[in-house]
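Single-structure report; data block below.
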Amino acid sequence: MSTHAAARVAAPTRREQILREAARLIAERGFHGVGVDEIGAAVGISGPGLYRHFPGKDAMLAELLVGISERLLEGGRLRVAEDEARGDGSPEALLDALIEGHIDFALDDRPLITLHDRELDRLRDTDRKRVRRLQREYVEVWVGVVRALYPSLAENRARVTVHAVFGLLNSTPHLARPDALPGRAATAALLHRLARGAFAAAEPS
């Protein structure tokens, strides 16, 4: 990790703090169950002070859901680009990298999965369509890699399987309380094996 990246992890900006706490609180209580004052209090500022960063909860929700969709797509494309730049990569290693990246999201950003499931329809039409478009593009990144590894897998079958694997990996908010899950490494390894098993099972016999 670069010094700059490490600094961002160690000292998130106030805007990032607000978004993180908004995601946590809205995931726990629902969009209408959390007030701006509560989100502000979670990061040590008054409710009115929060409006210097966001015009309201709607804007926070949009930035959270559009933002994570953008980051997942960018991460997937970056992994593909890095594999192509090496010139000696393999579809199997690339698929493993995609799975690992999505597992990091599924384990570290669980509130965002809950927000997507429950609150996506609250977004403005333009933001909701943007999220859907980004998600479709992310799926197609995976479909290309999966079909390179499993050439006999038809495109529509590969796409269905990718969606199914996302459902599997994105089940993390429903598994148990965070402290009731196995250790992070063990959970990540299990999810990875399950995902690879699903792709292998989709290949025609």
Find the Rg to Rh ratio for the range 114-205, where Rh is the Kirkwood radius over alpha-carbon pairs and Rg uses the same atoms. 1.03
Rounded, prolate or oblate: pick one for the range 29-72, where a ≥ b ≥ c are the square roots of the eigenvalues of its C-alpha gyration tensor, a/c under 1.5 means rounded, and failing that, prolate if a/b is larger than b/c, else oblate. prolate
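For the range 94-146, which whole-number percentage of the solvent-accessible area (1.4 Å probe, protein heavy atoms only) is attributable to carbon and sulfur atoms?
Roughly 44 percent, rounded to a whole number.
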Could you do me a favour and compute the accessible area per residue for the range 43-165, 1.4 Å probe, result in Å²? 51
With n ≥ 4 as the cut-off for DSSP H runs, can you work out [θ] at 222 nm for the chain, using -39500 (n - 2.57) per run divided by the number of residues, rounded to the nearest 500? -24500 deg cm²/dmol
Return one quarter of the surface area of the convex hull spanned by the alpha-carbon atoms of the chain, equal to its mean projected area, in nm². 13.1
Quick one, could you list the DSSP H helices from the chain stretching 15 Å or more along their long axis (Cα atoms) with average Kyte-Doolittle hydropathy of -1.0 or above? 14-29, 57-86, 91-108, 125-149, 155-169, 184-202
If the viscosity is 0.692 mPa s and the temperature 37 °C, what translational diffusion coefficient in µm²/s does Stokes-Einstein give for the range 57-113 when Rh comes from Kirkwood over Cα pairs? 262
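The values are calculated or read from the model by the stated rules, or taken from the named source; none is laboratory data. All values derive from a computational prediction rather than experimental measurement. Heavy atoms of the whole protein, side chains included, go into the accessibility calculation; ligands, DNA and RNA do not. Shrake-Rupley method; radii C 1.70, N 1.55, O 1.52, S 1.80 Å.
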